[in-house]
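Read the structure below first, then the notes.
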Amino acid sequence: MKHPSTHRPDLLLEASWEVCNKQGGIYTVLTSRAREMMKRHNGQIIFIGPLLVQNADLPADFDENIPPILEDWQRDVAPTLPFACCCGNWRVPGSPPVVLVDFAPLYDEKGALYYEMWEYFGIQSDKGYGDYDEASLFGIAAAQMMQSLYEYLCPEGQSAIGIFNEWMLGMGLLYAKRHCPHLKTLFLTHATTVGRSIASNNKALYAYMTGYNGDQMAAELGVEAKHGIEKAAAWQADCFATVSELTARECRQLIERDPVVLPNGFEPDFVPQGDTYTAQRTAARNRIFSVVEGLTGSPLPPDTLLIATSGRYEYRNKGIDLFIDAMQQAGESEELKGRTVVCLLLVPAWVAEPRADLRYLLLHPEGTEYHDKPLSYPYLTHWLHNMEEDTIVQRLKTIGTSEGLRFVFVPCYLDREDGLFDRSYYDLLIGMDLTVFPSYYEPWGYTPLESIAFGVPTVTTNLSGFGIWAMQERGSGDNLDTGIAVIERTDFNYPEAVSAIARLVGTLATTSDKQASRSAAAMHAASYAEWRLFYDKYEEAYARLLESGGQER
């Protein structure tokens, strides 16, 4: 259902730890929907993110040119704030206005702020650890920024909505409820703290879902503080939302509130077209071939299959273990005899530096002492700080190398400055023949959606929000005909899932004549998951939220 513009907010404010700070999938959520938001809301949106560096080193995707919506506020109000901030635009499609906030001064007020959160919402910050403090204090600073912007930019009678992403902004939402009660709030969780923790601790999340108590499991798994913020924010928010029906089930069980489902879309402007697409695909393959040949000391045939997985370094949750085992099984099959397959693991880890020996080879491809023999660790592009403890390195060490099947672990963010590829993730993704994301825990699943948007067929599972969408909306099954293969994963069918992926890889290798049609099918499926369609769900949520109460002050 469509809502008239009168039910849209006059100002939309959105805060996340990943604004101008790429850490994971939320960055893709925000950057890919920014253009649609700017169009639907006539530019009346402002993103708020953390200021983590000094002005001389502002993020590469931050443009210091001050947008008109922030000019007067920066002149009149910004100098009076108790913390520094930077105003500009985000260098993504739509160029939305953005404010980066230095939350460090709030450490001096931490005791008083945490006491307020305990007094009014029962938040047990004494049980927080790791990134708890910086996330919580940034959340409060973001809420203070929202209050300032709302009070300055919204005259009497105008409405504003504040969107708070993930538990990391939960304390900000709670602060806003206390200090800026007329700001309507939407809390968007992209996963549940307890659900992710259950899965990460090798417990059966799905088979026993109805038996789990969120508070009890949070205490057992040591995530009480984060869960407490998440649950309080979910209950205090004017609108509570998540990204898929899969995660909505978790929310109902573990947080005990039924959320609105706002699925994640994609922005097609990220994808090159026509001759540019062909040229970029060729360039990606050439660069990957050069790196792999340098590592292994032997050339790759032109028909080499490039198969990749990527995402957050969660060995079980993201199915990294399953990917490696499935590729090993595929490599031993009859279908792959005589074919060369490169399996790329594009998974950021505790990277130290690019390999100097590999970099030298890339700069001097002919006539070097390394050119005809493999390097040490011929499956690793960058050195790690924790070589002996890294799970993927230790797993690949046991596999060894073979002519037919080569694993390559790329443990860095692909930001065009990694020292070897010097290309973005999308710049390399376009060169793949297949991607595989066999996740066990995946609330939505941006990586397979990005893949099909770039015309690369993908494999996902029925334990991802995107996989469920593909089955329900595109009729995808356990084959690549729609550009999306969805395999069954349960708590207990690991061997069957391995075999299912190995079979799909074998089919890919023996039906190369169908690659073009599968690529076209993938792109066609992606067109049904664009933000121009999915953002309607957000507008419906905004309308219900604004209709639920007045904006008088």
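The values are calculated or read from the model by the stated rules, or taken from the named source; none is laboratory data. Computed from a predicted model, the values in this text were never measured in an experiment. Positions of Cβ are backbone-derived with ideal geometry, glycine not excepted, and every protein chain shown enters the neighbour counts.
Remarks
Quick grid of which residues meet (1) surrounded by fewer than 19 Cβ atoms within 10 Å (Cβ to Cβ); (2) closer than 23 Å to PRO301 by Cβ; (3) in the same structural domain as THR296 (by TED's automatic domain parsing):
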position	(1), (2), (3)
LYS337	yes, yes, yes
ALA356	yes, no, yes
LYS373	yes, yes, yes
TYR377	yes, no, yes
THR381	no, yes, yes
LEU384	no, no, yes
ILE392	no, no, yes
ARG395	yes, no, yes
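- When the criteria are applied in full, LEU70 fails the requirement of being assigned to a loop (DSSP other than H, G, I, E, B) and crowded, with 17+ Cβ neighbours inside 10 Å.
- The number of residues in segment 296-323 being in a helix (DSSP H, G or I) and at pLDDT 95 or above comes to 4.
- Qualifying positions in segment 51-71 - under 22 Å from ARG416 (Cβ atoms) and in contact (Cβ under 8 Å) with a residue 60 or more places away in the chain: ALA60
- Filter result for GLU335 (modelled with pLDDT under 95, of a type outside the set (Gly, Ala, Ser) and under 21 Å from THR510 (Cα atoms)): yes
- All conditions in (1) crowded, with 18+ Cβ neighbours inside 10 Å; (2) more than 21 Å from the chain's Cα centre (by Cα) hold for ILE48, with the sole exception of (2).
- Some residue of segment 266-283 being of a type in the set (A, V, I, L, M), touching a residue at least 12 places away in the same chain (Cβ under 8 Å) and not assigned by TED's automatic domain parsing to the domain that holds TRP444: yes
- Residue check, GLU250 within 30 Å of LEU186 (Cα to Cα), under 23 Å from the mean Cα position of the chain (by Cα) and outside any loop (DSSP other than H, G, I, E, B): yes
- Against the criterion of being surrounded by fewer than 24 Cβ atoms within 10 Å (Cβ to Cβ) and not polar (S, T, N, Q), GLU442 does not qualify.
- Of all residues in segment 407-439 being on the phi > 0 side of the Ramachandran plot and touching a strand residue (DSSP E or B) at 6+ places or on another chain (Cβ under 6 Å), the one that is surrounded by the most Cβ atoms within 10 Å (Cβ to Cβ): GLY419
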